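What follows is a single structure, written as structure tokens, with notes after it.
The values are calculated or read from the model by the stated rules, or taken from the named source; none is laboratory data. Bear in mind that the values here come from a model prediction, so they are computed numbers and not experimental data. Quick reminder, even Gly has a Cβ in these numbers, built from the backbone with ideal geometry, and neighbours come from all protein chains shown. What goes into the accessible areas is simple: the full protein's heavy atoms, side chains included, and nothing from ligands, DNA or RNA. Shrake-Rupley method; radii C 1.70, N 1.55, O 1.52, S 1.80 Å.
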Amino acid sequence: MRRIAFLAALIAAVPVSAGAGVWKWGCSGTAGDQQIVFNRYSLVVAPEKPARGKLDVIVHKDDLTAGPQDLDNRWDMIDVNSGFLPEMKFEREAEKRTLVLTEKSSKKISSRSRLVCNRDESIDTFRKVYTMQRDNEPAREITMQCMEYQLSTTGGRRGCQ
């Protein structure tokens, strides 16, 4: 019993770094005079000017709306844990409206991996062509620049302190 108590105390005394993993993705593109941006949480269709920012900023934002004027142009991602799928659905639940992006093509532009405080970070950028379909409106083709960002947990490795 003393050995078990000693082992339990020893295990409790060992510092454990528990950082959650991070997975984010998003895209930015234009169609006519509109800018379409989306990330893991939502999609916004807004005027092309002013620009919404660089792709890495869009990917890491929790809320893409720039103000109250965007609330009518915001669509919520139905499945925030799906990543880039061939078909992604967004909705405005209150209005029972949907917007669907269907991937037509995808090309990886760059890929970068590195170790950050004993966590694996990877950033992949793509050029993707989507067909955007809103309710019963005609489908539109959009070329977008996209990014997928992943940062692992430390996996038991000592992190930065």
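Condition test on residue 103, is it of a type in the set (D, E, K, R) and under 22 Å from residue 41 (Cα atoms)?
On the way: of a type in the set (D, E, K, R): yes; under 22 Å from residue 41 (Cα atoms): yes.
So residue 103 fits the description; yes.
Regarding region 14-26, can at least one residue be identified that is surrounded by 10 or more Cβ atoms within 10 Å (Cβ to Cβ), more than 30 Å from residue 72 (Cβ to Cβ) and at pLDDT 90 or above? Checked against the condition, which is being surrounded by 10 or more Cβ atoms within 10 Å (Cβ to Cβ), more than 30 Å from residue 72 (Cβ to Cβ) and at pLDDT 90 or above, region 14-26 yields at least one hit. If you filter region 88-104 down to residues that are open to solvent by 60 Å² or more (accessible area, probe 1.4 Å) and basic (Lys, Arg), you find that the one that is farthest from residue 26 (Cα to Cα) is 96. Residues in region 105-137 that are within 29 Å of residue 73 (Cα to Cα), of a type outside the set (Asp, Glu), at pLDDT below 95 and open to solvent by 50 Å² or more (accessible area, probe 1.4 Å): 2 in all. Note on region 39-61: residues that are surrounded by fewer than 18 Cβ atoms within 10 Å (Cβ to Cβ), outside any loop (DSSP other than H, G, I, E, B) and among the aliphatic types (A, V, I, L, M) total 1.
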